[in-house]
């Protein structure tokens, strides 16, 4: 039985943490798109973190204590369904392949779970994540409670297993970091392709297609999220997703896009001129955001606060907004009044991993969390200038965001998305190269 895998190691760590008790972690259900067509299947992130198993209809059960057990319920082999839907590992092969103590057909789940839960002091389960699973798990719990006259005890406490897994997932192991570097490299190449293909007269969705082409061509299974391809004023809509407008000469194009590789997300934003040349006001705003991002990345290191990169970026942005005439007053007064929020209304990053907005608390004990080696975060300051009173017209409808994925290292950080141009000079040079 092979448990010498990252997934087996994570299960062992969780078992050591939970002590006496039983943990139940189901994977995600298949979801109907319309009539008899399903959305492409994507496993549950917690389940995948512990198993690496990508099939639907599967449940991991971990039993802690002096004699820990690792059990998996999954689909049986079925020749007819495999003809229609594809290969199934089957529960018998899953035992050795996934390094489990015991494996069972998913059809046995309801019959076996009450006895597995009996006399366990604690039930660990992602309560509230899915109503159907809540009803099913509490049905098993009630069956155990009905055995009270036989001396059988039901779990006395219920703990959200995600609170343990979130802490584990927050610090990436070597396997995760390697996968995330590979995802970042694919996404960086996709952004390079998009820059080379962008030109006045093309449609936003044409550039989105170039991104998707590169993602899939390089082996990514999915986009990590719906790509934002926002030309001109659309860049001032933070979650713009229509991607349906024509790209105009003289406008900027903001692209926020990343692929998912083997479950792990990447997340890159670049902003560049459609015609390959920054105008004066565009150059001013872009240079400001780039300087803010540089300051934020410099603030990423072990022991630094989660909030330090944001504060570093904010300090640079506020001074620049005052210098450009977009805000008035001292930096302290602009920050105190929040006047800068007209142009910068989000924070500077988020955790990244199996989910693009990954799990993990940002505060501990009421204080901003200290960064640790192995954490991965985005660094993404921006500036979005909508038309309005007191706003110089030269800056209207300029939206800029620059985002990279950053891994905390022993002494500082590693920008894993550095493979795509970011300086004004490099962007203009890349776009001059066209498709050559």
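The values are calculated or read from the model by the stated rules, or taken from the named source; none is laboratory data. Everything numeric in this text was worked out from a predicted model, so none of it was measured. Reconstructed Cβ throughout: ideal geometry from the backbone, glycine too, with neighbour counts over all protein chains shown.
Could you go through region 262-275 and let me know if any residue there is touching a strand residue (DSSP E or B) at 6+ places or on another chain (Cβ under 6 Å), surrounded by fewer than 18 Cβ atoms within 10 Å (Cβ to Cβ) and in contact (Cβ under 8 Å) with a residue 24 or more places away in the chain. No, there is no match, as no residue in region 262-275 is touching a strand residue (DSSP E or B) at 6+ places or on another chain (Cβ under 6 Å), surrounded by fewer than 18 Cβ atoms within 10 Å (Cβ to Cβ) and in contact (Cβ under 8 Å) with a residue 24 or more places away in the chain. In the list 235, 156, which residue meets the criterion of being surrounded by 15 or more Cβ atoms within 10 Å (Cβ to Cβ) and either at negative phi or at pLDDT 95 or above (or both)? Result: 235 is the single residue among 235, 156 that is surrounded by 15 or more Cβ atoms within 10 Å (Cβ to Cβ) and either at negative phi or at pLDDT 95 or above (or both). Meeting the requirement of 3 or more residues that are in contact (Cβ under 8 Å) with a residue 60 or more places away in the chain, the strands (runs of 3 or more DSSP E) wholly within region 10-78 are 22-26. Among the numbered conditions (1) under 23 Å from residue 189 (Cβ atoms); (2) in contact with a strand residue (DSSP E or B) (Cβ under 9 Å, 6 or more places away or on another chain); (3) surrounded by fewer than 20 Cβ atoms within 10 Å (Cβ to Cβ), the only one that residue 311 does not meet is (1). Residues being without any contact (Cβ under 8 Å) to a residue 12 or more places away in the chain and either closer than 30 Å to residue 256 by Cβ or crowded, with 16+ Cβ neighbours inside 10 Å (or both) are entirely absent from region 183-205.
Against the criterion of being over 13 Å from the mean Cα position of the chain (by Cα) and on the phi > 0 side of the Ramachandran plot, residue 390 qualifies.
So that you can scan it fast, the table gives a plain yes or no per residue for (1) modelled with pLDDT of 95 or more; (2) in a helix (DSSP H, G or I); (3) in contact with a strand residue (DSSP E or B) (Cβ under 8 Å, 6 or more places away or on another chain); (4) not assigned by TED's automatic domain parsing to the domain that holds residue 227:
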position: 126; (1), (2), (3), (4): yes, no, yes, yes
position: 152; (1), (2), (3), (4): yes, no, no, yes
position: 178; (1), (2), (3), (4): yes, yes, no, no
position: 184; (1), (2), (3), (4): yes, yes, yes, no
position: 193; (1), (2), (3), (4): yes, yes, no, no
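Please tell me if residue 240 is surrounded by 16 or more Cβ atoms within 10 Å (Cβ to Cβ), assigned to a loop (DSSP other than H, G, I, E, B) and out of contact with any helix residue (DSSP H, G or I) (no Cβ under 7 Å at 6 or more places or on another chain). Considered against the rule, which asks whether it is surrounded by 16 or more Cβ atoms within 10 Å (Cβ to Cβ), assigned to a loop (DSSP other than H, G, I, E, B) and out of contact with any helix residue (DSSP H, G or I) (no Cβ under 7 Å at 6 or more places or on another chain), residue 240 comes out as no. Take residue 167 and decide whether it is under 20 Å from residue 249 (Cβ atoms) and surrounded by fewer than 19 Cβ atoms within 10 Å (Cβ to Cβ). The answer is no for residue 167.
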